[in-house]
1. State whether the residues of the stretch 39-56 include one that is more than 25 Å from the chain's Cα centre (by Cα) and either over 13 Å from His16 (Cβ atoms) or of a type outside the set (Ser, Thr, Tyr) (or both).
2. Any idea which of Asp332, Asp318 is acidic (Asp, Glu) and either in contact (Cβ under 8 Å) with a residue 24 or more places away in the chain or within 30 Å of Pro125 (Cα to Cα) (or both)?
3. I'd like the residue in the stretch 300-317 that is in contact with a strand residue (DSSP E or B) (Cβ under 7 Å, 6 or more places away or on another chain) and crowded, with 24+ Cβ neighbours inside 10 Å and, out of all such residues, is nearest to Ala182 (Cα to Cα).
4. Take Lys206 and decide whether it is buried (at least 18 other Cβ atoms within 10 Å of the Cβ), assigned by TED's automatic domain parsing to the domain that holds Glu306 and not hydrophobic (A, V, I, L, M, F, W, C).
5. Search the stretch 114-135 for residues being within 18 Å of the chain's Cα centre (by Cα) and among the hydroxyl-bearing types (Ser, Thr, Tyr), and hand back the single one that is nearest to Gln361 (Cα to Cα).
6. Which condition from (1) under 23 Å from Glu288 (Cβ atoms); (2) free of Cβ contacts under 8 Å to residues at least 60 places away in the same chain is the one that Ser194 breaks?
7. Counting only residues that are in contact with a Ser or Thr (Cβ under 9 Å, 6 or more places away or on another chain) and buried (at least 16 other Cβ atoms within 10 Å of the Cβ), which one in the stretch 54-71 is farthest from Ile135 (Cα to Cα)?
8. Looking only at the stretch 184-203, how many residues end up being within 22 Å of the chain's Cα centre (by Cα) and either modelled with pLDDT of 75 or more or farther than 11 Å from Val264 by Cα (or both)?
Amino acid sequence: MGKKLKIAFDAKRLFHNREGLGSYARTLVADLKKYYPEHEYYLCTTSISEAYCDARFLDPKSYKILSPPPAANASLWRARGIVKTLKENSIDIYFGLSNELPVGIDKLPIRKIVTIHDQLYKTFPQQFSMVDRWIYARKFKNAAASADMILATSENTKSDIIKYQSVIPDRIKVVYQAAPSAFDSFPGGKMQGSYYLMVGSLNERKNQLAMIEAYRLLDASHRKPVYIVGRGESYKNQLIAKIRAYGLESYFIFKENLSTSELVGLYNGAIALVFPSKYEGFGIPVIEALRAGKPVITLRTSSLPELVSKYGIIIEYDRPELLNEAILQMNDEAFRKGLMAGVEEHLQKFASENVTYQVIQALLG
């Protein structure tokens, strides 16, 4: 790979987010160290959360932590002051893992890479306040203008970046997200299952309500238990109210704050993943389910069709009767087995070694 390089990451999400961007950052940074240990890796963060702290990233033999000077304002350092820190440490490459780059980094003679995960503030604006949309607009504009290369987590996200940020296609490279290493141990191919599984934050965009509305119309003889894994108190209360109103309390079980091993266990015992999200920049539960040998029921929206491919049922419209038809098909074990034939080849697109190789090529230019 050539000379030893100093590669620095925006590690805020790595140290502070349990899921989503945090999982992406931890998986990718750990895989880069695993497959390309010849480089020096620096983690830029204003603080470290004990709740999500991973001992791997605190090992000084593997990673060096870059933090603001004692008298510096933490927020301003991350937004701008970090540029001086990168220069002082002779960093060769800076990688913004979560949609943004510091202001002024374009003045540094180093390579600048950013992963843009979605354009959610544009495609699903009702999830954000006016102030948040304004902040995101400024951050995305700066990142798109400053980066030498933008990594998009799906073809759909690439299209959204081109549309909303006016970036030429040649400056964007699609690199899918890899599942965390804990999911490497999935046995795969187990068709038996006794329940349906839904995984993701509980909110209107993730659309867990679709399953409840479908079950209201589904004949009781075809209903299986449904595990809903995720957090979001307000939307959860709405879901529970609907479940009670329809008399479906015996079918829906809520889980949150699961360990990775507990989540793996739930995937392994599921019939299929039901993922009726209205928009996803990527959608890691889809890959986790396929790694477990479980098909997926999803909607034809955003990145989901390219992730699921032919290894599930893609519903054209968000309608209860269409979801019910998919459930009836998925209840048939022989049908599920046929769906999953050849999934191993599809999953190579998301294999950690392949993903990491594409990332290191982008970093090295």
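The values are calculated or read from the model by the stated rules, or taken from the named source; none is laboratory data. Here the structure is a predicted model, which means the values were calculated and not measured. Virtual Cβ from ideal backbone geometry, glycine too; neighbours counted across all protein chains shown.
1. yes
2. Sole residue among the options that is acidic (Asp, Glu) and either in contact (Cβ under 8 Å) with a residue 24 or more places away in the chain or within 30 Å of Pro125 (Cα to Cα) (or both): Asp318.
3. Val308
4. Details: buried (at least 18 other Cβ atoms within 10 Å of the Cβ): yes; assigned by TED's automatic domain parsing to the domain that holds Glu306: yes; not hydrophobic (A, V, I, L, M, F, W, C): yes.
Spelling it out, Lys206 is indeed buried (at least 18 other Cβ atoms within 10 Å of the Cβ), assigned by TED's automatic domain parsing to the domain that holds Glu306 and not hydrophobic (A, V, I, L, M, F, W, C).
5. This residue is Thr115.
6. Status for Ser194: all satisfied but (2).
7. Ranking the candidates gives Leu66 first.
8. Result for the stretch 184-203: 9.
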